[in-house]
Amino acid sequence: MSLVEQAIARMRNQARTAAPKTAQAGPTPAAPPPTVNQVAEPAAKPAKRMTLDMDALRARGYLPEAGQDQQFADHYRRIKRPLVDRALSGVTAVGEPRVIMVTSALPGDGKTFTSINLALSMANERDISVLLVDCDVARRHVSDIVGLKEERGLLDALVNDSQDIDSLVVQTNLRGLSVLPAGRRVEATAELLSSNRMRKIVVDLCTRDPRRILLLDSPPLLLTNEGRTLVRMAGQIVLVVRAGHTPRQAVQDAIGLFDVQQTGGIILNQVQVSPAEGYYGYGSYGVDRDAT
């Protein structure tokens with residue numbers, strides 16, 4: 001069995017052997033996950049706007065090489081479809097399904113690359129908008145890549161209870177895609193991300209726009225407290241695995257950190273597709289729908 005097949009098999013076994021869900025089943029979080037009221041406030045229009053430089057993104061390796069756009073788009077359509085469908089289903093077995101966390105077990109697996117391209121693909125949907133949130137507050141990769149590293153953002157709202165979070169959201173030139181930068185560096189980021197203020201921010205962002213999906217670019221799960229903290233905020237978790245690089249045990253350990261019902265899927269990154277297609281660097285998708 002391949003690495004991904006073994007990881008998915010483990011999730012299936014967990015789903016089969018797990019007792020029916022109760023309030024005490026599974027790891028008990030320090031605080032309950034955010035819940036979203038069904039009555040939404042009018043969405044505030046972001047005060048800031050920016051133009052994404054697609055040529056610069058491609059030059060830095062965050063978009064496919066010229067000539068692979070269509071194939072690449074097809075891959076991400078398959079990746080996003082079950083995530084979007086579940087996000088709009090209203091099912092909230094564990095967490096808010098419109099909060100999707102993209103993470104990895106270890107650094108270098110391609111989770112920020114995946115976050116950016118998944119956000120771009122979701123932005124093409126007619127019935128939703130997507131907010132890409134830079135939650136990797138130590139590295140701030142998303143903020144840097146799109147040119148918002150020095151902008152105020154999530155951390156600023158976490159340290160200032162009176163800060164309106166929507167005023168920090170930056171609308172891109174692509175319809176349906178906006179970005180919330182990480183913000184200015186502060187201390188004790190793990191505590192900030194696990195705070196009631198963080199849960200309120202997540203609820204506010206979802207409540208103000210019932211068609212908005214939050215896509216959280218998260219730190220790696222096995223090396224940071226911040227990544228494990230964000231698990232409590234998400235209704236769906238997508239784990240990015242680098243083919244031939246991420247150790248099997250690391251994948252299994254990362255899967256063990258979240259509830260099986262939060263499983264959004266596993267993306268196998270930098271995988272050899274077939275001799276006919278050559279080396280395709282951006283992956284394929286494995287989803288255990290039985291476990292969700």
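Listed residues Leu193, Leu215; which is modelled with pLDDT of 95 or more and farther than 20 Å from Val130 by Cβ?
Details: Leu215 fails: farther than 20 Å from Val130 by Cβ.
Of the residues listed, the single one that is modelled with pLDDT of 95 or more and farther than 20 Å from Val130 by Cβ is Leu193.
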Conditions (1) open to solvent by less than 20 Å² (accessible area, probe 1.4 Å); (2) within 26 Å of Gly61 (Cα to Cα): number failed by Gly147 = (1)
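Looking at Asn196, Asn173, Asn160, which one is open to solvent by 10 Å² or more (accessible area, probe 1.4 Å) and closer than 21 Å to Ala123 by Cα?
Checking each option against the conditions leaves just Asn173.
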Give the residue, chosen from Val142, Val94, Val130, that is under 16 Å from the mean Cα position of the chain (by Cα), in a loop (DSSP other than H, G, I, E, B) and β-branched (Val, Ile, Thr).
-> Val94
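The values are calculated or read from the model by the stated rules, or taken from the named source; none is laboratory data. It should be emphasised that the depicted structure is a prediction, and the values quoted were computed from it without experimental measurement. For neighbour counting, all protein chains shown are included, and Cβ atoms are generated from backbone atoms with ideal geometry for every residue, glycine included. Remember, those area values only see protein heavy atoms, side chains included, never the ligands or the DNA or RNA. Shrake-Rupley method; radii C 1.70, N 1.55, O 1.52, S 1.80 Å.
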